[in-house]
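Asker: First the structure, which I've put down as structure tokens, then a few questions once you've had a look.
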Amino acid sequence: MDLTPFVEQLRRELALAAAPGGEEAQALAERLAAPLESSVRLALLSALSVAAEEVTAQLAPGSVDVRLRGSDIGFAVTPPPAPEAHEPAAATEPAPEVEEGETVRMTLRLPEQLKGRVDEAAGRLGVSVNTWLVRAVANAVEPAPRPSPDPRRGRRSAGSQYTGWAR
């Protein structure tokens, strides 16, 4: 999607708005239009990103991502995965509830190899990388409760239980 027609439309509207002010106002409007172009493009990108987030919320577990390539904006639509009989149960379980509210944008730096593994994991579930990362963070901050020990296994004597990490 090329934003140039929208930016040009805004430039024309600014010139029309300045016309009643005379030549000085028109010259000022033209001088302001060029530096405002990048801000206008950024504002349009932000608006499209918010719209994509709203559509993604309605499509879950599908998603819509906004992609910027040079000065062109594109959309990547990931439809919800078709249910398959051989899909593992963990893949079809819903993500923990995440509080609705304002979203924030952040930069995450990952080693290239880990990024590849994240892409593969998101692809296996049929969700966007962003959706997969949101679910992973939600699971990390509110992990599922561990099952209690099975009482049918019998009693253990003191000192036969171990806790800690093993490699």
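Asker: Can you name the helices (runs of 4 or more DSSP H) wholly within region 48-162 that have at least 2 residues being modelled with pLDDT of 80 or more and surrounded by 13 or more Cβ atoms within 10 Å (Cβ to Cβ)?
Answerer: Result: 112-125, 129-141.
Asker: Among the residues of region 11-23, are any among the charged types (D, E, K, R), closer than 21 Å to Val104 by Cβ and assigned to a helix (DSSP H, G or I)?
Answerer: No: region 11-23 contains no residue that is among the charged types (D, E, K, R), closer than 21 Å to Val104 by Cβ and assigned to a helix (DSSP H, G or I).
Asker: The conditions are (1) out of contact with any Phe, Trp or Tyr (no Cβ under 7 Å at 6 or more places or on another chain); (2) open to solvent by less than 60 Å² (accessible area, probe 1.4 Å); (3) not charged (D, E, K, R), and Met1 fails exactly one of them. Which is it?
Answerer: Unmet condition: (2).
Asker: Can I ask one more? Regarding region 24-35, can at least one residue be identified that is without any contact (Cβ under 8 Å) to a residue 40 or more places away in the chain, part of a helix (DSSP H, G or I), within 28 Å of Phe75 (Cα to Cα) and open to solvent by less than 70 Å² (accessible area, probe 1.4 Å)?
Answerer: yes
The values are calculated or read from the model by the stated rules, or taken from the named source; none is laboratory data. Owing to the predicted nature of the structure, the values given are computational and were not obtained by experimental measurement. All Cβ positions, glycine included, derive from the backbone under ideal geometry; neighbour counts span all protein chains shown. The area values use the complete protein model at the heavy-atom level, side chains included, leaving out ligands, DNA and RNA. Shrake-Rupley method; radii C 1.70, N 1.55, O 1.52, S 1.80 Å.
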